[in-house]
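Here is the structure we will look at, set down as structure tokens.
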Amino acid sequence: DDHAMILTYHQVLFDQWSMQSFLAEVMRDYESLLLGREPDVTPFSFEPFVHYIHDYQNDSKARAFWRNYLKGAPKNLRLPRSADSLCDNPIRMQNITMQLTDMESGQIIARAREHSVTTNQLCQLGWAHTLSKATGKKDIVFNTTLAKRPSSILDIDRMMGVFSATPPLRINVKGDVS
């Protein structure tokens, strides 16, 4: 007999790490059942992570850091209504799709290494320069996304869920953008 499992889920339920853990656990349990054994069902609660976030948000040092970091930052910075300088289609919202060649990707990676930064950091800097050029502002703030699995939480590596944060990144753009 052949068996198939079809799994559908919404992206807000799992981060990539959790999905790999989940699939490994499903396969482990399936093998146990095939061998006539009871699967090892060890429940993990997401609650310790919720407490961690709550405690962090109520930490006076964290609040002071973010208040200082964002002091004087532009609020609700919008792209100009006319996007003539960005593309030929002057509409408020737009999507521009492009595919980098292997050579272009290699050049970006090499440039990042040359400056001892990650490719992601280089792309964030490029995005800040793009926003600066489009808005005419030098002080640029935008959100970033990062995984956050605090090692202080017992068995955090075995928990499943979305362990991410979206902290703001503030860049003061200087000089000519090229």
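What to note about this one:
- Residue-averaged 222 nm ellipticity for the chain, from DSSP H runs of 4+ at -39500 (n - 2.57), nearest 500: -12500 deg cm²/dmol
- Proximal lysines to Lys137, defined as alpha-carbon separation beneath 22 angstrom and excluding residues fewer than eight positions away on the same chain: Lys71, Lys75, Lys174
- The stretch 1-82 shape via C-alpha gyration tensor axes, a/c threshold 1.5: oblate
- Residue with peak Gaussian network fluctuation, the chain [Cα springs, cutoff 10 Å], from Leu125, Leu33, Leu13: Leu33
- Compactness of the chain is given as radius of gyration and Dmax, 22.5, 68 Å, from Cα positions.
- Partners for Lys148 among lysines (Cα-Cα distance below 22 Å; same-chain residues under 8 apart left out): Lys61
- When the Gaussian network model of the chain links Cα atoms closer than 10 Å, the mean-square fluctuations of Pro48, Pro39, Pro150 top out at Pro39.
- Options His115, Gly36, Pro74, ranked by Cα towards positive dipole end of the chain, top entry (Cβ charges): Pro74
All of the numbers you see were taken from the coordinates with simple rules; none came from a lab. Values in this document were obtained by computation on a predicted structure and should not be read as measured data. Positions of Cβ are backbone-derived with ideal geometry, glycine not excepted, and every protein chain shown enters the neighbour counts.
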